[in-house]
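The values are calculated or read from the model by the stated rules, or taken from the named source; none is laboratory data. Remember, it's a predicted structure, so these values are computed and weren't measured experimentally. Note that we place each Cβ from the backbone using ideal geometry, even for glycine, and neighbour counts take in every protein chain shown.
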Amino acid sequence: MIVRIQLFARARDLAGSDMLTVDVPERATVADLRRGLGEIRPALATFLARCAIAVDEDFATDDCPVSAESSVAVIPPVSGGT
């Protein structure tokens, strides 16, 4: 199954794109997406452990299921401020 994943900030920079597609098995989870992203974009592999993943506009744990219709986003950690 193909899942589209939107990338923001540093994740987008490391991937070289703001949107990627990942081929994962049926009944995939967020953990499967993290692995798949790391395989197709090795520069993201270690960074993804620090990122939040949103599925259908809610933060998701690694055991959260995803489908081809899911809206998925990688949200890097926020830093900075005054």
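Would you mind telling me which numbered condition in (1) without any contact (Cβ under 8 Å) to a residue 12 or more places away in the chain; (2) loosely packed, with under 13 Cβ neighbours inside 10 Å residue 23 fails?
Among (1) without any contact (Cβ under 8 Å) to a residue 12 or more places away in the chain; (2) loosely packed, with under 13 Cβ neighbours inside 10 Å, the lone unmet condition for residue 23 is (1).
From (1) out of contact with any helix residue (DSSP H, G or I) (no Cβ under 9 Å at 6 or more places or on another chain); (2) surrounded by fewer than 19 Cβ atoms within 10 Å (Cβ to Cβ); (3) not in a loop (DSSP other than H, G, I, E, B), pick out the condition that doesn't hold for residue 38.
(1)
Please verify whether residue 49 is exposed (fewer than 13 other Cβ atoms within 10 Å of the Cβ), in a helix (DSSP H, G or I) and touching a helix residue (DSSP H, G or I) at 6+ places or on another chain (Cβ under 7 Å), treating the condition exactly as stated.
no
For a quick check of your reading of the model, give me the residue pairs whose first member lies in the stretch 1-14 and is surrounded by fewer than 17 Cβ atoms within 10 Å (Cβ to Cβ) and of a type in the set (Val, Ile, Thr), whose second is modelled with pLDDT of 95 or more and not in a strand (DSSP E or B), with beta-carbon atoms closer than 7 Å and at least 6 apart or on different chains.
2/68
Going residue by residue through the stretch 58-79, is there one that turns out to be at pLDDT below 95, in a helix (DSSP H, G or I) and either more than 15 Å from residue 3 (Cβ to Cβ) or touching a His at 6+ places or on another chain (Cβ under 9 Å) (or both)?
No; the residues of the stretch 58-79 include none that is at pLDDT below 95, in a helix (DSSP H, G or I) and either more than 15 Å from residue 3 (Cβ to Cβ) or touching a His at 6+ places or on another chain (Cβ under 9 Å) (or both).
Note down all Cβ pairs under 9 Å where the first residue falls in the stretch 57-70 and is free of Cβ contacts under 8 Å to residues at least 40 places away in the same chain, the second is in a loop (DSSP other than H, G, I, E, B) and of a type in the set (A, V, I, L, M), and they're at least six residues apart or on different chains.
Matching pairs, first to second residue: 60/66; 65/28.
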